[in-house]
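Worksheet: one structure, shown below.
The values are calculated or read from the model by the stated rules, or taken from the named source; none is laboratory data. Since the model is a prediction, treat every value here as computed from it, not as a measurement. Here the Cβ is made from the backbone with ideal geometry for all residues, glycine too, and neighbour counts use every protein chain on show.
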Amino acid sequence: MPPEMRQRLVDASPEILDQIIISAKNGDMSACRLVLERLAPVSKASAAPVHIDGLEASETLSGKANCILNSIASGECPADIGATLIQSIGAVAKIIEIDELDRRISALEAAS
């Protein structure tokens with residue numbers, strides 16, 4: 001947007017805001033929605049944090065996955081959250097595998 005247009009909008013903003021507020025007070029539902037969306041935006045859905053016993057102490061990815069499964073089985077962790085965590089562990093395992101293959105290939109290339 002050209003700087004001149006931006007400045008014109010900045011200069012007109014107080015009057016525009018006043019008109020939107022007046023329209024909202026007079027029952028204009030579009031103006032009401034606009035005001036509410038700015039004052040109280042709809043919050044995005046998010047899961048509450050969960051604590052899984054033993055997760056930090058587990059040194060292997062399979063150990064961490066077992067901790068998560070135990071937590072799901074005991075009802076401490078919701079199944080959908082646990083499934084997401086286990087999928088994340090799988091993604092990390094693939095990244096580790098790729099890194100390891102890259103190191104091995106580099107070592108073989110350096111040796112030859």
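Evaluate the following for Ser58: is it without any contact (Cβ under 8 Å) to a residue 12 or more places away in the chain and loosely packed, with under 14 Cβ neighbours inside 10 Å? Before the answer, list the steps.
Details: without any contact (Cβ under 8 Å) to a residue 12 or more places away in the chain: yes; loosely packed, with under 14 Cβ neighbours inside 10 Å: no.
So Ser58 does not fit the description; no.
Among the residues of region 74-90, count how many are over 15 Å from Leu55 (Cβ atoms) and either of a type in the set (A, V, I, L, M) or in contact with an Asp or Glu (Cβ under 7 Å, 6 or more places away or on another chain) (or both).
The number of residues fulfilling the criteria is 2.
Any idea which of (1) surrounded by 10 or more Cβ atoms within 10 Å (Cβ to Cβ); (2) at pLDDT below 90; (3) under 22 Å from the mean Cα position of the chain (by Cα) is the one Ser43 doesn't satisfy?
With (1) surrounded by 10 or more Cβ atoms within 10 Å (Cβ to Cβ); (2) at pLDDT below 90; (3) under 22 Å from the mean Cα position of the chain (by Cα) applied to Ser43, the lone miss is (1).
Do we have Ser106 as exposed (fewer than 10 other Cβ atoms within 10 Å of the Cβ) and of a type in the set (S, T, N, Q) here? Show your work before the answer.
Values: exposed (fewer than 10 other Cβ atoms within 10 Å of the Cβ): no; of a type in the set (S, T, N, Q): yes.
When the stated conditions are applied, Ser106 does not pass them.
Tell me the residue from Ser23, Ser71, Ser13, Ser112 that is surrounded by fewer than 10 Cβ atoms within 10 Å (Cβ to Cβ) and of a type in the set (Ser, Thr, Tyr), please.
Ser112
Enumerate the pairs (first residue in region 95-112 and modelled with pLDDT of 95 or more; second residue anywhere and assigned to a helix (DSSP H, G or I)) with beta-carbon separation below 8 Å, excluding pairs fewer than 6 apart on the same chain, so at least 6 apart or on different chains.
Ile96/Leu61
So which residues in region 60-105 are polar (S, T, N, Q) and assigned to a helix (DSSP H, G or I)? Give the steps one after another, and end with the answer.
To start, the set of residues in region 60-105 that are polar (S, T, N, Q) comprises 60, 62, 66, 70-71, 74, 84, 87-88.
Once the filter is applied, which keeps residues that are polar (S, T, N, Q) and assigned to a helix (DSSP H, G or I), region 60-105 yields Ser62, Asn66, Asn70, Ser71, Thr84, Gln87, Ser88.
Name the pairs whose Cβ atoms lie under 7 Å apart, with the first residue in region 1-20 and not assigned by TED's automatic domain parsing to the domain that holds Leu34 and modelled with pLDDT of 90 or more, the second surrounded by 10 or more Cβ atoms within 10 Å (Cβ to Cβ) and among the hydroxyl-bearing types (Ser, Thr, Tyr), and 6 or more positions between them or separate chains?
Within 7 Å, no pair qualifies.
In region 15-40, what count of residues is obtained for those that are under 31 Å from the mean Cα position of the chain (by Cα) and part of a loop (DSSP other than H, G, I, E, B)?
Within region 15-40, residues that are under 31 Å from the mean Cα position of the chain (by Cα) and part of a loop (DSSP other than H, G, I, E, B) number 1.
Need the failing condition index for Ile52 against (1) out of contact with any Gly (no Cβ under 7 Å at 6 or more places or on another chain); (2) farther than 30 Å from Asp18 by Cα; (3) free of Cβ contacts under 8 Å to residues at least 24 places away in the same chain; (4) of a type outside the set (S, T, N, Q), just the number.
All conditions pass for Ile52, except number (3).
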